[in-house]
1. Of all residues in segment 169-185 being over 32 Å from the mean Cα position of the chain (by Cα) and of a type in the set (Ser, Thr, Tyr), which is surrounded by the most Cβ atoms within 10 Å (Cβ to Cβ)?
2. Can you tell me which condition residue 42 does not meet? The list is (1) assigned to a strand (DSSP E or B); (2) in contact with a His (Cβ under 6 Å, 6 or more places away or on another chain), and all the others hold.
3. So in segment 264-277, with the set limited to residues that are farther than 13 Å from residue 208 by Cα and surrounded by fewer than 20 Cβ atoms within 10 Å (Cβ to Cβ), which one is nearest to the chain's Cα centre (by Cα)?
4. Of the numbered conditions (1) touching an Asp or Glu at 6+ places or on another chain (Cβ under 7 Å); (2) modelled with pLDDT of 95 or more, residue 76 fails exactly one; give the number of that condition.
5. Tell me whether segment 103-116 contains one or more residues that are in contact (Cβ under 8 Å) with a residue 24 or more places away in the chain, out of contact with any strand residue (DSSP E or B) (no Cβ under 8 Å at 6 or more places or on another chain) and either part of a helix (DSSP H, G or I) or surrounded by fewer than 20 Cβ atoms within 10 Å (Cβ to Cβ) (or both).
6. Which one of these is assigned by TED's automatic domain parsing to the domain that holds residue 52 and under 29 Å from the mean Cα position of the chain (by Cα): 115, 74?
7. Does residue 60 qualify as being under 30 Å from residue 296 (Cβ atoms), of a type outside the set (D, E, K, R) and at pLDDT 95 or above?
Amino acid sequence: MENVADIYPLTPTQQGILYHTIRAPESEVYFEQIRCMLDGPLDVLKMQAAWDTVVERHPVLRTAFLWEGLDTPLQVVRQTVTIPWDIRDWQTTTETVETQLEKLAGDYRQKGFNLAKAPLLRMVLVKLADERHHFIWNFHHLMTDGWSTHQMFKEAFDVYESLVRGEQPTLPTIKPFRNYVAWLKKQDNAAAESFWREQLAGFETPTPLQVDKRGANTSISYAEADIHLTTETTAALNALARQNRLTLGTLVQGAWAILLSRYSGEQDVSFGITLSGRPASLPGVENMVGMFINTLPLRTPVPDSQPLLPWLEQLQSRQLAVRQYEHTPLSNVQRWSDVPAGQSLFDSIVVFENYPAPEDNGQQSLTINDMRYREQSNYPLALLVVPDEQMRLLVIYNQNRFEADTIQRLLGHLTTLLAAIAAQPELTLGELPLLTDRERIQIFREWNDTATSAPLSAGVSLPPETCIHNLIAEYGDTTPDKTAVSAHDGSLTYAELITRANQLAHRLIALGVSPGTPVGLYSERSAEMGVGILGIMQAGGAYVPLDPAYPPERVAFVLADTNAPLVVSQVH
């Protein structure tokens with residue numbers, strides 16, 4: 001074969017990425033971009049030469065992926081490749097530069113890559129002024145992970161600065177990615193299988209957010225939303241982590257676990273975490289570049305009564321235990337779990353982006369500004385955490401599964417949780433607030449400010465203190481045969497509704513219901529539900545709606561939380 005330097009199989013993680021890329025070729029899934037502004041005098045030829053050096057040095061950047069007609073997909077390393085460069089001069093453009101740059105980056109994402117043709121990268125350089133350029137590095141996640149990408153990015157600009165100074169670049173010796181592929185094949189999965197079976201025993205379904213719009217539309221289209229914590233909250237979180245020997249990542253993972261529990265109503269949750277995947281026992285792995293990272297489930301109980309800090313310590317211990325087996329293929333973990341085949345172990349992932357920032361010692365000819373890293377996984381929702389002076393929380397989500405305003409509310413709730421963790425670490429998990437200040441005002445003031453004069457008929461009004469069930473009774477006296485409730489299970493006239501509600505009210509009073517007593521109402525939307533609501537109100541009680549679609553644990557939690565002594569159930 002011509003122009004072939006090496007051939008070896010894909011890692012299990014690469015196989016998963018390949019599968020999802022082929023499955024949704026129009027979705028931009030796993031198409032990555034690094035963008036930045038380059039300020040200073042730029043020598044385009046030396047920049048191209050610097051990247052040629054990096055590509056020649058790292059086999060992963062010369063790799064193509066073949067699968068058609070093969071029993072097992074292979075990665076083929078080419079001896080030489082030519083980097084595609086798109087060099088443009090926009091110094092005289094009259095359109096808004098930022099808008100044009102966004103469109104240009106979007107056009108490249110839509111182009112995608114032919115995975116069988118190396119290199120799986122494209123470079124774009126746009127001249128905006130004599131000493132200002134916008135740089136875009138387009139590449140596919142099959143080749144490299146985030147840490148490796150930033151390592152090669154730094155290497156390219158170090159080589160460029162050496163060339164500008166007229167010096168020969170001095171680079172450390174590195175081991176090839178194929179060494180890691182060979183290491184993986186030698187691993188004994190017996191211990192990993194035992195660990196994961198124990199970790200996931202009894203876990204049968206991914207934790208739902210309960211706010212997604214699952215339906216017939218199975219297409220994938222991603223959008224982004226983000227929010228920044230205040231400087232004060234970020235500093236407080238860092239201080240809390242240091243004082244308690246916790247990582248900042250553990251605090252964010254804890255907040256996400258609590259949010260999942262509140263949204264789903266479950267006290268046993270699971271979500272994906274991204275791990276470095278670099279085994280300490282592999283010589284030279286610290287400088288190796290390639291696709292090492294792995295995403296695996298982190299399962300944790302979320303008991304309302306447990307104090308926050310001891311629970312966070314346990315969560316960190318769980319994460320450390322997972323790291324012992326971070327090389328385990330996700331497909332194997334899926335097979336060893338009780339989750340049915342074809343169903344994901346988790347619908348959301350948390351990624352902590354703690355990549356090294358470009359160095360600036362004042363001696364470089366170019367200054368790198370406004371650096372952005374855009375990535376896109378196949379999961380319905382990914383939370384990316386950027387630990388800056390003001391921590392950035394970025395959510396990348398499938399907009400065919402989630403509404404934009406839902407994601408904005410979710411970010412608000414996550415921010416509230418993190419602020420409470422920083423300010424009140426002595427609380428229990430159940431005591432941590434979720435609602436934003438605006439939502440509290442809306443719920444407890446605006447929505448409850450419902451006092452009004454209710455018109456009974458033309459020219460007649462009732463005082464605000466009139467009870468709803470009395471209003472219904474008075475209206476029913478004048479129109480007893482008019483339909484009061486209509487549902488899929490039939491309809492009731494006012495006379496029928498009031499008679500049956502009175503019967504229920506007498507029964508509830510006999511059972512001890514008095515003014516203010518909470519009474520559970522376990523019913524679907526139906527005419528029977530109308531009887532239940534009115535009957536409980538006539539007895540003086542406060543009805544607590546319980547949806548039969550809730551998990552039993554959620555129903556039990558609501559009843560315990562409201563201290564309801566009785567439940568009125570729909571007759572089936």
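1. 170
2. Result: residue 42 passes all but (1).
3. Per the stated criteria, the residue is 275.
4. Every listed condition holds for residue 76 apart from (1).
5. Within segment 103-116, the subset in contact (Cβ under 8 Å) with a residue 24 or more places away in the chain is 104-105, 108-110, 112-113, 115-116.
Then keep just the ones that are out of contact with any strand residue (DSSP E or B) (no Cβ under 8 Å at 6 or more places or on another chain); that gives 110.
Imposing the further condition that a residue be either part of a helix (DSSP H, G or I) or surrounded by fewer than 20 Cβ atoms within 10 Å (Cβ to Cβ) (or both) reduces the set to 110.
Yes, the conditions are met somewhere in segment 103-116.
6. Numbers: 74 fails: under 29 Å from the mean Cα position of the chain (by Cα).
The unique qualifying residue is 115.
7. Details: under 30 Å from residue 296 (Cβ atoms): yes; of a type outside the set (D, E, K, R): yes; at pLDDT 95 or above: yes.
Criteria met by residue 60.
A quick yes/no check of all residues on (1) touching a Lys or Arg at 6+ places or on another chain (Cβ under 8 Å); (2) more than 26 Å from residue 274 (Cβ to Cβ):
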| site | (1), (2) |
| --- | --- |
| 126 | yes, yes |
| 130 | no, yes |
| 134 | yes, yes |
| 148 | no, no |
| 176 | no, no |
| 182 | no, no |
| 192 | no, no |
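The values are calculated or read from the model by the stated rules, or taken from the named source; none is laboratory data. This one's a predicted model, so the numbers in the text were calculated from it and none came from an experiment. Glycine gets a Cβ as well: all are built from the backbone with ideal geometry, and neighbour counts include every protein chain shown.
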